[in-house]
1. Quick one: which of Ser41, Ser35, Ser47, Ser56 is among the small types (Gly, Ala, Ser), modelled with pLDDT under 95 and under 26 Å from Gly106 (Cβ atoms)?
2. Kindly check whether there is at least one residue in the stretch 106-120 that is in contact (Cβ under 8 Å) with a residue 12 or more places away in the chain, farther than 20 Å from Gly60 by Cβ, in contact with a Ser or Thr (Cβ under 9 Å, 6 or more places away or on another chain) and open to solvent by 20 Å² or more (accessible area, probe 1.4 Å).
3. Here is a list: Phe170, Phe120. Which entry is closer than 25 Å to Ile64 by Cα and touching a helix residue (DSSP H, G or I) at 6+ places or on another chain (Cβ under 6 Å)?
4. Could you tell me whether the stretch 70-87 includes any residue that is hydrophobic (A, V, I, L, M, F, W, C), open to solvent by 10 Å² or more (accessible area, probe 1.4 Å) and under 22 Å from Tyr125 (Cβ atoms)?
5. Would you call Glu162 in contact (Cβ under 8 Å) with a residue 12 or more places away in the chain and either open to solvent by 10 Å² or more (accessible area, probe 1.4 Å) or of a type in the set (Ser, Thr, Tyr) (or both)?
6. Is there a residue being surrounded by fewer than 18 Cβ atoms within 10 Å (Cβ to Cβ), within 15 Å of Tyr137 (Cα to Cα) and out of contact with any Leu (no Cβ under 8 Å at 6 or more places or on another chain) anywhere in the stretch 171-185?
7. Name the single residue that is nearest to Tyr164 (Cα to Cα) among those in the stretch 121-153 being among the basic types (Lys, Arg) and surrounded by 14 or more Cβ atoms within 10 Å (Cβ to Cβ).
Amino acid sequence: MSSEIKISGGLLKDKKIRVLKQGNYRITMEQVRKSMFDMISDKILGSFFLDLFAGSGIVGIEAISYGAEKVVFVENHPNAVRLLRENIKSLGLQDKTKVIYKDVFGFLNKFSLERFDIIFADPPYELGEKIVDMVKYVNDFNWLKDQGMLIIEHHKKTSLPEKYAHLFKFLEKKYGETVLSFYKKGEKT
């Protein structure tokens, strides 16, 4: 089962994509997406963006709308992947995207030649403290470019570390039950 939501800003503003309305899928609220992209607007243009737990792809598609050069989506739910590919095709974004049908932790738990400017993760809230493993893998397997940024959307009851090796949390924004934690690669200044 699916429904439609609008893209909140950028070149594709007000275009619609289809999103899942089943199981434990939670769509990043429009207010949260808009606020996040306002905060990273100076970093998004021309960026290489990774959307983890991509679902139907709204955050990665909005990244393209705001000027990201390329977006890689990682999702392991077959219905979400199907819908994500349909959304990409309906908006004509095939040249700017890559969809990887795989478990996020399996994907991150390896060395890769790809490095990203921005990594966004919206894991299921029930993962709780296991989300910390994402911070660990992004750091240990060097997924970010120098001065790259990791953004994790999580429940306010989930506690994420202030620092993990080369990543430090420089900002945390709360939206009701939802929190965005922003990490940068490098040293805290």
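1. On inspection, the qualifying residue turns out to be Ser56.
2. Within the stretch 106-120, the first condition is being in contact (Cβ under 8 Å) with a residue 12 or more places away in the chain, and the residues that meet it are 107-112, 114-120.
Next cut, farther than 20 Å from Gly60 by Cβ only: 109-111.
Next, from what is left, pick out any that are in contact with a Ser or Thr (Cβ under 9 Å, 6 or more places away or on another chain): none.
Taking every residue of the stretch 106-120 in turn, none turns out to be in contact (Cβ under 8 Å) with a residue 12 or more places away in the chain, farther than 20 Å from Gly60 by Cβ, in contact with a Ser or Thr (Cβ under 9 Å, 6 or more places away or on another chain) and open to solvent by 20 Å² or more (accessible area, probe 1.4 Å).
3. That would be Phe120, the only listed residue that is closer than 25 Å to Ile64 by Cα and touching a helix residue (DSSP H, G or I) at 6+ places or on another chain (Cβ under 6 Å).
4. no
5. The answer is no for Glu162.
6. Checking the stretch 171-185: not a single residue is surrounded by fewer than 18 Cβ atoms within 10 Å (Cβ to Cβ), within 15 Å of Tyr137 (Cα to Cα) and out of contact with any Leu (no Cβ under 8 Å at 6 or more places or on another chain).
7. So in the stretch 121-153, the residues among the basic types (Lys, Arg) come out as 130, 136, 145.
Right, trim to surrounded by 14 or more Cβ atoms within 10 Å (Cβ to Cβ) and you get 136, 145.
On the way: Lys136: 7, Lys145: 16 Å.
For the stretch 121-153, the residue satisfying everything is Lys136.
The values are calculated or read from the model by the stated rules, or taken from the named source; none is laboratory data. These numbers were taken from a predicted model, which means no experiment stands behind them. FYI the Cβ positions are ideal-geometry reconstructions off the backbone, even for glycines, and counts take in every protein chain you see. When the accessible area is computed, the model is the full protein with side chains, heavy atoms only, and any ligands, DNA or RNA have been set aside. Shrake-Rupley method; radii C 1.70, N 1.55, O 1.52, S 1.80 Å.
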